[in-house]
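To start, the structure under review is shown below, and the notes come after it.
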Amino acid sequence: YFDEKTNTWKWQCANIEVQKNVLRSINAFLDSISGDARATRHTIVKESVSDVLGALLCILEGKSGPLLSMASNVAVKLVSILPNSLLQSRIVELVCCLSSLISSHQVEVAIDCANALNLVVSNLSATSERTVMEALKDTGIATHIVGNIKDFAGGAKKIEYFEQMGSLLSTILWRWPQSRFPVLSDVKLMKALADMHMVTDSSIKLVLLKMYTSLALCDFVAKKLIEDGVFVEMVVQAMEKSNPQVVRIEGFKLARCLLRCQENFIRMRNLCGDALVNAIICGMRETGLSSKKGGINHGSLLLEACQLGLITRWDGDHHIRFWEHGIDRVLLNLVLENIQDKPSEHVLSLEEQISTANKGLKSNYHLGLRSYLWDILGCLMIHCGENFNPYTYGSELHINTLITCACLTFVDTIQKWCRICQNDDDSFQSEPVSRAVLMMIYSPCNHISSHARLVLSDRMKVIGIPCLKSLIHTLDYTSSLASFGSSDKLQLVINLIGLNSLSSLPEYQKCIIESKAMKAVVLIVKRCLSNDIHMERPSMAPHLLTSFHERSCCCIDKEDWEGSNVLHFYGLWALSSFVHQCSLLQDHTQKFTTAVTYIKAQLLNKLHETCSSTCLSPGVRWYASYILSYFGCYGFPNELAKWIGKSLNQEEYADLRLIVANGASVNVNGVILAVRCPSLLPREILTSSKNCKEGTDKYGETERGSFICSR
């Protein structure tokens, strides 16, 4: 019949037998094209879909009891075989129709409709997602599903009912952020889910983990969930080896979603830090799951474990736990294939290490994981303490070989990127490995930094100066471009990291200072300060881009040490190195001042703004402060600075007078002096135990006096 409202022809029939025949015909039609991937592109199929869908919708909307089960089953088959693009013209009608049957008293019908709706929503395109989700919102879909799950928890409906309802709720929560907090606020639902934490049925556990993952995309919800120790225990247990692989993978995904920010990580670490690290190590040992060269199945347990291993980017005692669990051996097994077991005290010469590393790297073993491995390795190295000895926990052979592998890959990287016309097929790991080596070189741990510099110096022995000059030339050329493509920005970052790394080697410092490097870096920093160039790390390190970040809400992430603009960070790092080296090298003390003369006023103003801003990352502010110290400005500006400075010249709080050797005197505050420089106080005031409280009490009983200072 012709529908005047929509101005279209619609199918309608009240005869049940005709409807049955139509459903059988649709079923047979779908069966005939299900095995042929090309069938959905055929003209006849495309032209038939509208009529097929129209008839099916009419039958479903009729809600005839005897036909609903058959019609809902056909609906599942239709949406699983035909792509959403063919259903686009009536997709809103379809989801609304299926939604109206989601709470059908016929359990099989409700299961089929939930399944069909899940298939449709899961495959929505970006263009149709908003329209469809708005339509589902109007039907109250989330409320109906929550009610169904609560009915399952309190009744005797079969497990498949919970699986389909839970899976559909997870999909909707993933695509509809506004639904997350209301679902969390349903006390009865959350109690029902909590009662399922210890279930042994893997199918229920799998759906439960998926629902929690979609909920935790809201950072507020994630914080609430982590406050529950029983919930955290459930997450960790899901990652354990005793579970099926699919459950472990979902457990890792949920953990990654929960630990998107450092605050959540600290809470979870305090509750189950050792178990969390152990789960990651066990997952990273699952090399048998995907051992193909040159790539990895992105749904595998190994990948998920490596992604969760990026919690090493945050400081804390979990680093010690990683070393205790043998992270050095685990990483080496993923970087190099067929590593032979050797005694932990076995030591290879540098030549043997380089030979072993070269041979292993050429096999491209787990190449798809390299970016994660370099990031984990670099973070472990940079977060070591000054007195930390990694060989106490790990093998010297393994650690040195890992450092050698990273340095060899890094040297290859800068050789490729130091040319103006470059073509690097392995660009996906260029930034992670370069960053990892930089972290090794500047690691507080002397064992690590010295070995990294030794290997880098050895590998650059022949190509060092030519490569450095080419790098500086490319840096100078690229920094002056009028506009930047993503490849240009990546090249700038790699070259800046290369410059910062080589500047740590004494044999290259003079060459760097006397070249155009300083001029190029000053220009880069100037353009960054003027917001002319901006480069976030995920844009050049694709392994950091996850669907979690795209779908997250209510996140207030604190920036990492580098900040949002890595070009700004590495540029300031390089300027800081120039400041330091110019003060050390004879005849170059004014070199830095000369290089920045033409923008000195502007540079100083911008650096002061950088130091004052609380929105910028700690790393950027610290390097800016260090550069300003060259010009006589120290520390970070503070709104109380003027008041404090003014009070220093007043004697209102001074209760002690120091007389120096030349007869001059200065009035000071005794408490501040006792805390900051107790050696200037007379012995009778400070006790032999140097107990601060006792010393302060004694001092408080004395009258204002004068003491002779020997300095």
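The values are calculated or read from the model by the stated rules, or taken from the named source; none is laboratory data. All of these numbers come straight from a predicted model, not from anything done at the bench. Cβ placement follows ideal geometry from the backbone for every residue including glycine, while neighbour counts extend to all protein chains displayed. Heads up: the accessible areas ignore ligands, DNA and RNA and are worked out on the full protein's heavy atoms, side chains in. Shrake-Rupley method; radii C 1.70, N 1.55, O 1.52, S 1.80 Å.
Structure notes:
- Any chance Leu276 is open to solvent by less than 10 Å² (accessible area, probe 1.4 Å) and touching a strand residue (DSSP E or B) at 6+ places or on another chain (Cβ under 7 Å): no
- So Asn446, is it open to solvent by 10 Å² or more (accessible area, probe 1.4 Å) and on the phi > 0 side of the Ramachandran plot: no
- Selection of region 321-376 for residues being touching a Ser or Thr at 6+ places or on another chain (Cβ under 6 Å), modelled with pLDDT under 85 and over 28 Å from Ser300 (Cβ atoms) yields only Ser344.
- If you go through region 181-209 and keep only what is part of a helix (DSSP H, G or I), open to solvent by 20 Å² or more (accessible area, probe 1.4 Å) and small (Gly, Ala, Ser), you end up with Ala194, Ser202, Ser203.
- Test: residue in region 82-92 that is open to solvent by 10 Å² or more (accessible area, probe 1.4 Å), closer than 30 Å to Ala156 by Cβ and at pLDDT 90 or above: no
- Counted as qualifying within region 104-166 are the helices (runs of 4 or more DSSP H) with 1 or more residues that are at pLDDT below 95 and within 21 Å of Asp186 (Cα to Cα), namely 126-139, 141-154.
- Enumeration of residues in region 545-556 that are touching a residue at least 60 places away in the same chain (Cβ under 8 Å) and within 11 Å of the chain's Cα centre (by Cα): Thr546, Phe548, His549
- Breaking point among (1) part of a helix (DSSP H, G or I); (2) within 28 Å of Asn605 (Cα to Cα), for Leu471: (2)
- Glu134 being in contact (Cβ under 8 Å) with a residue 24 or more places away in the chain and not aliphatic (A, V, I, L, M): no
- Residues of region 249-261 satisfying the condition of being of a type outside the set (A, V, I, L, M, F, W, C) and open to solvent by less than 10 Å² (accessible area, probe 1.4 Å): Gly251
- Pairing each residue of region 194-213 that is on the phi < 0 side of the Ramachandran plot with any residue that is among the acidic types (Asp, Glu) and assigned to a loop (DSSP other than H, G, I, E, B), provided the two are 6+ apart or on different chains, yields C-beta distances under 8 Å for Ala194/Asp228.
- Total residues in region 135-180 satisfying the condition of being in contact with a strand residue (DSSP E or B) (Cβ under 6 Å, 6 or more places away or on another chain) and surrounded by fewer than 17 Cβ atoms within 10 Å (Cβ to Cβ): the figure is 1.
- Among (1) part of a helix (DSSP H, G or I); (2) at pLDDT below 90, the one test that Thr404 misses: (2)
- Filter result (within 44 Å of the chain's Cα centre (by Cα), outside any loop (DSSP other than H, G, I, E, B) and farther than 23 Å from Leu98 by Cβ) within region 17-67: Ala39, Arg41
- Breaking point among (1) open to solvent by 50 Å² or more (accessible area, probe 1.4 Å); (2) of a type outside the set (Phe, Trp, Tyr); (3) touching a Lys or Arg at 6+ places or on another chain (Cβ under 9 Å), for Ser104: (1)
- Of all the criteria given as (1) closer than 24 Å to Ser34 by Cα; (2) open to solvent by 10 Å² or more (accessible area, probe 1.4 Å), the one not satisfied by Val109 is (2).
- Residue match in region 199-211 (condition: within 24 Å of the chain's Cα centre (by Cα), more than 19 Å from Gln245 (Cβ to Cβ) and modelled with pLDDT of 95 or more): yes
- When region 509-526 is filtered for residues that are part of a helix (DSSP H, G or I) and open to solvent by 10 Å² or more (accessible area, probe 1.4 Å), the ones remaining, listed by number, are Gln509, Lys510, Cys511, Lys519, Leu523, Lys526.
- Subset of region 1-16 [of a type in the set (A, V, I, L, M) and either assigned to a loop (DSSP other than H, G, I, E, B) or under 12 Å from Val74 (Cβ atoms) (or both)]: Ala14
- Cβ-Cβ under 8 Å pairs, at least 6 apart or on other chains, region 441-459 side over 17 Å from Leu350 (Cβ atoms), far side among the aromatic types (Phe, Trp, Tyr) and surrounded by 18 or more Cβ atoms within 10 Å (Cβ to Cβ): Pro444/Phe388; Cys445/Phe388
- The condition (being aliphatic (A, V, I, L, M) and outside any helix (DSSP H, G or I)) is satisfied by just one residue among Val462, Val437, Val455, Val433: Val462.
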